[in-house]
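The next block holds one structure in the form of structure tokens; read it before the comments.
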Amino acid sequence: MSRKVSISAREFETLATSQLSALLGVASRLTRNPADAQDLVQDTLLKAMRARDQFEAGTNMRAWLLRILTNTFINRYRRGGLERSVLDGPDADPLADGWISASTMESMRDPESQALRPMLEQEIKRILDELPEEFRLAVVLSDVEELSYKEIADIMGCPIGTVMSRLHRGRRLLKGRLYEHARALGIVGPEALVGETAEKTAKQEPVIDLSQYREKRVARS
Amino acid sequence: MTSSCRQIAPLLEAFGDEELAADKLLEVEQHLVDCDTCGERIRLNQAMHLSVRNAVRAAAPVMPNFEARIADALRAEVLREEGLDAVVEREAQHPRMLSWRGVVPVAAAAALTLVWAASTGKQAQTERPVSASSASLSTADQLLEELVDHHMNARGPRVTEPALLSQLEPEVGVPLNFPSLKAYGTRWEGANVVPVNNLHAASLRYTMVGGKHVTLYVYNSTRVPIESRLKARTVRNEPVYVGSRRGVSIAATEHRGVGYALASDLNDDESAELVAAVY
């Protein structure tokens, strides 16, 4: 069972500075600006030091610091909370929907493709930065900081189900964009739609505009 | 994709994150024994997590000067707290009649005194107990005198290119952005690092039309407290502290832990205006 503990300022200084890399990584992806990220980390650590009596022994200090960092970011840069997820159109995932084969997936994580790692890292950073903040934070906290769903929910102030949904959507967007990138680099070849998904897609109704959709809905009801 | 793959697919992400309940875990593991495609899907997910981790960590390395800046900020906070504790203890041993309004400034002043005394190693010289507030004021007085001395006896610049200012950051411990102040008719001469209160401040030197000089000091504001001997005023909604010593006008302000103090041959109004424009 967790309990509040008394940590001396000097003990806290040692514990907190060991988390510098994690805090700076998350702050950099949140602010997307190195100078702002450094300011955010400094503010976070000073706030945390003043509030260290609130830290509960037996819980994850990194998660606690990241919660303060996220709240500081929201208060300073986003008065109304994290940027909402606004996505244009369906964010279909060719990989998750079974549109491509196992061999293509294998090519995407092939050791040979890893030679392109620096380029890939740049691309991942760019795609991550383009994700809505809610998705980006969930992905970074899970994939980079390896926090549990419960810890991420505490940091983001939302239910675990919402964390799972944000993670799923964020990763799906990321994966889809990386697949496009891998195709552009020739790491994977173009694939025809296969199996049931292809049939389903072929049967899809043609795209209609919003007014047509409303008319159709009224007619149905 | 088989029908059993479709049932398993929604569980694969939680499986990879090790967040799946025991019964579902068994279900997925049994499926993976026979299904290469879902196995590959999991391996791809894992490879992606690793790539994201590498990309995020590579994009934000912790540089030594940032580490030093954070260590300085935390250490200053430690010293501040220890100073406050000492005051509380002393007050408990020798209670005096103090109003609530008086306690806070005196405690803060004593903390500043202790920070200063600790950093200069002069505790042993303090034989007679000195009142906390008067000691603090003399600390601030001394700091202001040092700034004026540096302004009046400026050394040659170590850096004359604005782009090279960042070379001084490790010594000063705060980010140094170049304020050109050209709009105010100044010409930048260069920058140096000067000792202030046993710490270091960057000193940026400007010359104005007519030969007047301006020295802008940039420092860690948590460690170089000078505002207590200056008068507060507001310039463009920002708090600025202004005063003068030996005919030198001084104006100071603070932004996100970085202190800016300007010593100049200008009048107080001009100094205040100029210092409010530096960040």
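Bear in mind that the values in this text are calculations on the coordinates, not laboratory data. Bear in mind that the values here come from a model prediction, so they are computed numbers and not experimental data. Methodologically, a virtual Cβ is constructed for each residue, glycine included, from the backbone with ideal geometry; neighbour enumeration extends over all protein chains shown.
Things to note:
- Cβ-defined net charge surrounding B:Arg187, 15 Å radius [Lys, Arg +1; Asp, Glu -1]: 0
- Shown here is the pair-distance distribution of region B:1-48: with all Cα-Cα distances grouped in 5 Å bins from zero up to the longest one, the shares run 5, 22, 37, 26, 9, 0 percent.
- Pairs of Cα atoms nearer than 8 Å and 6+ residues apart set the relative contact order; for region B:144-275 it is 20 percent.
- Once the C-beta distance of B:Ala68 and B:Cys5 is scaled by a Förster radius of 60 Å, the resulting FRET efficiency is 0.65 to the nearest 0.05.
- Cα Rg, Dmax, region A:3-77, angstrom units: 12.0, 36
- Per residue, the average separation of C-alpha pairs within less than 8 Å and at least 6 apart gives region A:124-190 a relative contact order of 33 percent.
- Least to most buried among B:Ser244, B:Ser166 (fewest other Cβ within 10 Å first): B:Ser166, B:Ser244
- Of B:His151, A:His168, the sequence from fewest to most neighbouring Cβ atoms within 10 angstrom is A:His168, B:His151.
- 3J(HN,Hα) along region B:34-44, derived from phi through the Karplus expression 6.51 cos²θ - 1.76 cosθ + 1.60 where θ = phi - 60°, amounts to 9, 10, 5, 4, 5, x, 5, 4, 5, 5, 5 Hz, with x in place of Gly and Pro.
- Each of A:Thr31, B:Thr215 was scored by other Cβ atoms within 10 Å of its Cβ. Arranged with the fewest first, they read A:Thr31, B:Thr215.
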